[in-house]
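This report refers to the structure that appears directly beneath it.
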Amino acid sequence: MEPRRHHDLGGLDAGPVDRETHALEPWEARIDALVYLLLSKGVFRTDELRREIESLGPGEYREAGYYHRWLHGTVRLLLEKGVVSVAGIAQALEARETRNGGRP
């Protein structure tokens, strides 16, 4: 039997579950929509996204929130598949800062 990996949290005590519905932050809603769009267009598959999320190191996995993990996996897959490039992402971030007066 393989040892439990850092992302395998099933059955561990995580404390009480907050069952209150909460609104997503705007960036979380955008990531949610982007992932479902990319999945529906066949850009990547759910198992590929899961692989990338599970590739986070133990500390990063524990500290990252749900949508941070989705963002990590999505960016890695888009880079892996050649949909975007590091240079393209850098240019987009630079253009955004320019539009926002130097704010990220």
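Couple of notes before you dig in:
- Based on the reciprocal of the average 1/r between different C-alpha atoms, the Kirkwood radius for segment 23-90 equals 12.5 Å.
- Net charge of Cβ neighbours under 13 Å - reference residue 71; Lys, Arg +1; Asp, Glu -1: -2
- Positive minus negative residues near residue 43 (Lys, Arg vs Asp, Glu; Cβ under 14 Å): 0
- Within segment 31-89, the trypsin sites (Lys or Arg not before Pro) that combine a DSSP coil assignment with at most 16 other C-beta atoms in a 10 angstrom radius are 41, 45, 81.
- Surrounding net charge for residue 24, when Lys and Arg each add one and Asp and Glu each subtract one, Cβ distance under 14 Å: -3
Bear in mind that the values in this text are calculations on the coordinates, not laboratory data. Owing to the predicted nature of the structure, the values given are computational and were not obtained by experimental measurement. Quick reminder, even Gly has a Cβ in these numbers, built from the backbone with ideal geometry, and neighbours come from all protein chains shown.
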